[in-house]
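The values are calculated or read from the model by the stated rules, or taken from the named source; none is laboratory data. Worth saying up front: this structure is predicted, and the values here are computed from it rather than measured. Heads up, the Cβs are rebuilt from the backbone with ideal geometry, glycines too, and the neighbour counts pull from every protein chain shown.
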Amino acid sequence: MVFRPMLQGAWNPAGGLRYHLRARRYRAQLWAAFRADLDAWLANWRPPARRLAVVGPSGGYCLPLSLLARFERLVFFEPDPIARMVLSRRLRALPGSPSLTWVTDDLWVAPLLRGGAPPVLSLARDTAILFSNFMGQLMFLVPDVRWGGFCRAFREGVWPSLERVSWASFHDRLSGPLAPSIVPGDCLGPRLDDSKVLSWYGAHGAGELLDHGSAEVVPAGHRYAYFHWPLIPGQHHLIEAVVGGVTS
């Protein structure tokens, strides 16, 4: 009875064992520039909260410990048992002893597909929420025929509640074999439209890119940034990051 959900978490199509193997191989070098850019962006996110809820942290490969150390209490929504083991080891390096809560059930996708309520409704008001590369993976977790209904449920059930807390998200916007030529001065501020983003790929890049559908599930925020994440050699992701909700 326990093995099946554990196996499903480990082989999650949005991450799972394959992602852990990639992180082990590429995190130190290939991901270094992306991780540094993301760390700097998260350092400027200062939510007025004592508790941080992280949705989809995986093994925390891209989460700076300096961010986690700012909070008294940490809540991790992570169904993958391998991810929880890896992240637990990393958390041993945190200064102090923040309280840790692990939520291992799927509370963000399955309940909405069944017409239920998301867990954001039950989180305390002193909780900030970080969606850790979660929004851009939802399309892999929801059946195609349910995608439209799921997006509507997410907008109606999750978005309004996020306005009463501080939240941030970094997520896949596009991915493919081409690397975006991001111009630093162009990637901070309001959300960029598709034409601007596609200009980073040249005249013939659009047909080779996968749109992760994040625009359909990420609410409008206050401050956007864009990063290039070379996940593996020959596979590049354009990461969009945004802060929203309560800002002070």
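Filter the range 39-50 for residues that are part of a loop (DSSP other than H, G, I, E, B) and either aliphatic (A, V, I, L, M) or surrounded by 20 or more Cβ atoms within 10 Å (Cβ to Cβ) (or both) and give the result.
Result: Pro47, Ala49.
Sort through Ala168, Ala179 and tell me the only one that's within 26 Å of Gly56 (Cα to Cα) and modelled with pLDDT of 95 or more.
Ala168
Out of the residues in the range 108-137 that are of a type in the set (A, V, I, L, M) and over 24 Å from Trp45 (Cα atoms), state the one that is surrounded by the most Cβ atoms within 10 Å (Cβ to Cβ). Working first, answer last.
Taking the range 108-137 as the starting set, the residues that turn out to be of a type in the set (A, V, I, L, M) are 109-110, 112-113, 117, 120-121, 123-124, 128-130, 135.
From the residues that got through so far, the ones that are over 24 Å from Trp45 (Cα atoms) too are 109-110, 112-113, 117.
Details: Val109: 19, Ala110: 12, Leu112: 23, Leu113: 15, Ala117: 14.
Result: Leu112.
I'd like to verify a number: residues in the range 143-166 that are more than 18 Å from Gly213 (Cα to Cα) and either in contact with a strand residue (DSSP E or B) (Cβ under 8 Å, 6 or more places away or on another chain) or acidic (Asp, Glu) (or both), how many?
The total comes to 5.
Could you please let me know if Gly213 is touching a residue at least 40 places away in the same chain (Cβ under 8 Å), of a type in the set (Gly, Ala, Ser), surrounded by fewer than 12 Cβ atoms within 10 Å (Cβ to Cβ) and closer than 24 Å to Ala23 by Cβ? Outline the logic, then answer.
On the way: touching a residue at least 40 places away in the same chain (Cβ under 8 Å): yes; of a type in the set (Gly, Ala, Ser): yes; surrounded by fewer than 12 Cβ atoms within 10 Å (Cβ to Cβ): no; closer than 24 Å to Ala23 by Cβ: yes.
No.
For every residue, the table says whether it meets (1) in contact with a Phe, Trp or Tyr (Cβ under 6 Å, 6 or more places away or on another chain); (2) surrounded by fewer than 16 Cβ atoms within 10 Å (Cβ to Cβ); (3) closer than 28 Å to Gln235 by Cα.
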{"residue": "Leu21", "(1), (2), (3)": "no, yes, yes"}
{"residue": "Ala28", "(1), (2), (3)": "no, yes, yes"}
{"residue": "Asp37", "(1), (2), (3)": "yes, no, yes"}
{"residue": "Leu52", "(1), (2), (3)": "yes, no, no"}
{"residue": "Gly59", "(1), (2), (3)": "no, no, yes"}
{"residue": "Ala83", "(1), (2), (3)": "no, no, yes"}
{"residue": "Ser99", "(1), (2), (3)": "no, yes, no"}
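Matching residues to (1) out of contact with any Asp or Glu (no Cβ under 9 Å at 6 or more places or on another chain); (2) on the phi > 0 side of the Ramachandran plot:
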site	(1), (2)
Asn133	no, yes
Leu141	no, no
Gly157	yes, no
Leu192	no, no
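Of everything in the range 139-192, what is free of Cβ contacts under 8 Å to residues at least 40 places away in the same chain, buried (at least 16 other Cβ atoms within 10 Å of the Cβ) and either in a helix (DSSP H, G or I) or basic (Lys, Arg) (or both)? Give them in sequence order.
Selection gives nothing.
Among the residues of the range 83-105, is there at least one that is part of a helix (DSSP H, G or I) and touching a residue at least 60 places away in the same chain (Cβ under 8 Å)?
yes
Is it the case that the range 81-89 has a residue that's under 22 Å from Gly136 (Cα atoms), small (Gly, Ala, Ser) and under 17 Å from the mean Cα position of the chain (by Cα)?
Yes, there is a match, as at least one residue in the range 81-89 is under 22 Å from Gly136 (Cα atoms), small (Gly, Ala, Ser) and under 17 Å from the mean Cα position of the chain (by Cα).
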